[in-house]
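Trainee: If you scroll down you'll find the structure; I have some questions about it.
None of the figures in this text is laboratory data; all of them are computed from the coordinates on show. What you see is a predicted model; the values in this text were computed from it and never measured. As a convention, Cβ positions derive from the backbone with ideal geometry for all residues, glycine included, and neighbour counts pool all protein chains shown.
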């Protein structure tokens, strides 16, 4: 996969995902996990959350799927042989998958935001879930993100980030559209849970949550430079100024997400 592909996740971005747990990043999914469930985790990245899912649903089978070879390699390397016999990682694109009615629950956390035809991916997820099974999706509304007194270099970078995504056909407000996308597929019992996460300097989770964007500058920022969306000097200025901002007393970040849970109809799912 080429570095300029938006679905490609640079190695520098891996730290964003390995810092996450179900408690701090996906409580909606956590509440649904019970022993014995079979789970497909779409866009599993380095497998941090997938491994936690596997521990919580054991002996249920869990399959982590990602289209980035580097992510699958990292996930397999991080899995202690024999520690999770119910966990397997798979290299592939869910849009081209052929699973039909095979999983109790199909999850995609912050993955659909990187797929231009997200509705195609969601349809494949719904098809992979058994009749009566659940589809769970979690994603951001990037347009609602807020920072207190952000430095100009960071503001410029973030607008370039939104423009870069939009130019590739990615939905910057996908969190607000997930519920309607599920309903359009005929999924039932659609429940949308908006989640607003505000962190402030001095709080225990501030550097993890706000620091995600330093990794975005280091990873996605290099892709944006390669695409001509900004210069290397602008990228570096954003990194330096954002790092300084994180040390500022009173610094505050607010991100907006939505988690959606929907059920596949009781009758067999058809294309």
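Trainee: Order of 209-216, 28-35, 101-108 by packing, highest average Cβ count within 10 Å first? Numbers along the way, then the final one.
Mentor: Working: 209-216: 19.6, 28-35: 15.9, 101-108: 22.9.
Output ranking for 209-216, 28-35, 101-108: 101-108, 209-216, 28-35.
Trainee: Based on the mean of other Cβ atoms within 10 Å per residue, sort peptides 237-243, 135-141 so the most packed one is first. Walk me through the intermediate numbers first.
Mentor: Working: 237-243: 19.4, 135-141: 24.1.
Going from most to least packed, we get 135-141, 237-243.
Trainee: Next up: How many angstrom separate the Cα center of segment 199-220 from the Cα center of segment 98-148?
Mentor: Centre-to-centre distance over Cα atoms comes out at 25 Å.
Trainee: Packing-wise, with mean Cβ within 10 Å as the measure, how do 185-196, 37-48, 147-158, 120-131 rank, highest first?
Mentor: Working: 185-196: 14.6, 37-48: 25.6, 147-158: 17.1, 120-131: 21.8.
Put in order of decreasing packing, that is 37-48, 120-131, 147-158, 185-196.
Trainee: Order of 143, 20 from fewest to most other C-beta atoms within 10 Å? Before the final figure, lay out each step's value.
Mentor: Values: 143 12, 20 18.
Ordered from fewest to most neighbouring Cβ atoms within 10 Å, 143, 20 come out as 143, 20.
Trainee: Then there is this: Normalised by the residues of segment 36-188, what does the relative contact order come to in percent, with Cα pairs under 8 Å and at least six apart? Intermediate results must be reported in sequence, preceding the final value.
Mentor: On the way: 250 pairs, mean separation 30.7, N = 153.
Dividing the mean separation by the residue count of segment 36-188 yields 20 percent.
Trainee: Expressed as an acute angle from 0 to 90° and rounded to the nearest 10, what is the orientation of the C-alpha long axis of helix 69-78 relative to the principal long axis of the chain?
Mentor: 80 degrees
Trainee: For the chain, what does the helix formula give at 222 nm: sum of -39500 (n - 2.57) over DSSP H segments with n ≥ 4, over the residue count, nearest 500 deg cm²/dmol? Provide the component values of the computation, followed by the final result.
Mentor: Working: 10 runs with 103 residues, N = 271.
Result for the chain: -11500 deg cm²/dmol, rounded to the nearest 500.
Trainee: Obtain the nm distance between the two label points defined at residue 226 and residue 162 by a simple spin-label model: each point lies 7 Å from its Cα along the Cα-to-C-beta direction.
Mentor: Those two pseudo-labels are separated by 2.5 nm.
Trainee: Where does helix 232-246 land angle-wise versus the long Cα axis of the chain, in degrees 0 to 90, nearest 10?
Mentor: 90 degrees
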